[in-house]
Amino acid sequence: MLDLGRLKALHAVSVHGTVVAAAAALGYTPSAVSQQISKLERETRTTLLERRGRGVRLTEEAEQLVVTAQELMVIVERAEVRLEERRGEPSGRLDIACFASAARGLMPTALADLARRHPALDARLQEIDPHLSVELVARGAVDLAVAHDWDIAPVPVPPGVAAADIGVDLCDLLVPAGHPLAHRASVCREDLAAERWISQPPGTVCHDWLVRTLRATGGEPRIVHRAEENHTQLALVAAGLGIALAPRLGRGALPAGVRAVRLDPVPSRRLRALWRTGAARRPAITETVRTLVRLWPKVAGPDAAAH
């Protein structure tokens, strides 16, 4: 009989691409994941992973087992949901994927609130880009994702995944204190055609939104520096190396050399919670989503709540 834990290890490698990343997602060591897959290979008398450079590739037999693993995980999830429903209280492990600024600005408050009110719930956070986290929910690698999208760069919701809005996060134009725009009450997008920009790397939601927005005004954005962390972008702006567009969530106080200017119309992004429809009645899911929505006005501020 195939062991479900070993199948889950193989499934995690399929989802995350490497043994190391799969181990981090499962909360195991890489050696433990390798041992699980080695035991599965012995049980099935089949080679499941092939070395490819520094990574691994799943064999065709392994891909078939991954399909079976996902089907079994759905059945197990259904049973867990029914048990948790009968208890009527959020409980068990809940794996949450969340993008960086929400992991910093929203989730600590929410997780502390959940831990205080629901001690039987073991909520665990992973910081992951929205493009990836939604797919992880769809494939059963995490239970819940907190993602964001912009009006002209929405994150698609895959089949079998449900979503609920948490709130709207407003964004400011950040410029060096000595910049000609620093003392303006507001600027429009057409004023920014010749500026040097600091942005997140290509492929991220924020980068895609910035490029599409500036191209819509008829110009090609001059992105001169790329940094994933908002705080790194702030440091580059403070050094006078360019301007940036930064959401307010998780940003904290601005450095002395940075000014926030209103961009008209105000850019905003929508925060959403996503989970598999098969787990929609699980108390851990419903209570976590309710908590995120309830706490949003407190962490976002009155302007975002009104918006």
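A few comments on the model shown:
- For the range 190-213, taking the residues that are open to solvent by 20 Å² or more (accessible area, probe 1.4 Å) and of a type in the set (Gly, Ala, Ser), the one that is farthest from residue 262 (Cα to Cα) is identified as 203.
- Within the range 254-287, the set of residues being within 22 Å of residue 205 (Cα to Cα) and among the hydroxyl-bearing types (Ser, Thr, Tyr) comprises just one member, 268.
- Residue ID - most open to solvent (accessible area, probe 1.4 Å), chosen from residues in the range 253-262 that are outside any strand (DSSP E or B) and in contact (Cβ under 8 Å) with a residue 40 or more places away in the chain: 256
- Filter pass, residue 102 being more than 13 Å from residue 140 (Cβ to Cβ) and either out of contact with any Ser or Thr (no Cβ under 6 Å at 6 or more places or on another chain) or open to solvent by less than 50 Å² (accessible area, probe 1.4 Å) (or both): yes
- Any hit, the range 76-90, residues being touching an Asp or Glu at 6+ places or on another chain (Cβ under 6 Å), touching a residue at least 24 places away in the same chain (Cβ under 8 Å) and not basic (Lys, Arg): yes
- Residue match in the range 167-182 (condition: modelled with pLDDT under 85 and over 23 Å from residue 270 (Cβ atoms)): no
- Of all residues in the range 281-292, those that are surrounded by 24 or more Cβ atoms within 10 Å (Cβ to Cβ) have Cβ atoms under 7 Å from Cβ atoms of residues that are β-branched (Val, Ile, Thr) and assigned to a helix (DSSP H, G or I), 6 or more apart or on another chain, in 282/81.
- Here residue 272 does not qualify as open to solvent by 60 Å² or more (accessible area, probe 1.4 Å) and within 17 Å of the chain's Cα centre (by Cα).
- In the range 225-252, the residue that is nearest to residue 197 (Cα to Cα) out of those that are more than 23 Å from the chain's Cα centre (by Cα) and open to solvent by 30 Å² or more (accessible area, probe 1.4 Å) is 241.
- Some residue of the range 227-236 being in contact (Cβ under 8 Å) with a residue 24 or more places away in the chain and at positive phi: no
- Note on the range 21-30: residues that are within 19 Å of residue 47 (Cα to Cα) and crowded, with 16+ Cβ neighbours inside 10 Å total 1.
- Residue that is surrounded by 15 or more Cβ atoms within 10 Å (Cβ to Cβ), of a type in the set (Val, Ile, Thr) and part of a helix (DSSP H, G or I), where the choices are 76, 33, 67, 56: 33
- Qualifying residue in the range 291-301 (condition: in a loop (DSSP other than H, G, I, E, B) and out of contact with any helix residue (DSSP H, G or I) (no Cβ under 7 Å at 6 or more places or on another chain)): yes
- Residue match in the range 35-52 (condition: modelled with pLDDT under 85 and either under 23 Å from residue 128 (Cβ atoms) or in contact with an Asp or Glu (Cβ under 8 Å, 6 or more places away or on another chain) (or both)): no
- Scanning the range 173-189 for residues that are open to solvent by less than 50 Å² (accessible area, probe 1.4 Å) and either of a type in the set (Ser, Thr, Tyr) or in a loop (DSSP other than H, G, I, E, B) (or both) gives 177, 179, 181, 182, 186.
- Scanning the range 128-172 for residues being open to solvent by 10 Å² or more (accessible area, probe 1.4 Å), in a helix (DSSP H, G or I) and closer than 25 Å to residue 281 by Cβ gives a total of 3.
- Test: residue in the range 215-224 that is surrounded by 16 or more Cβ atoms within 10 Å (Cβ to Cβ) and under 25 Å from the mean Cα position of the chain (by Cα): yes
The values are calculated or read from the model by the stated rules, or taken from the named source; none is laboratory data. For clarity, every value in this text was computed on a predicted model and none was experimentally measured. Neighbour counts are summed over all protein chains in view; Cβ atoms, including those assigned to glycine, are modelled from backbone coordinates with ideal geometry. Ligands, DNA and RNA are excluded from the accessible area calculation, which covers all protein heavy atoms including side chains. Shrake-Rupley method; radii C 1.70, N 1.55, O 1.52, S 1.80 Å.
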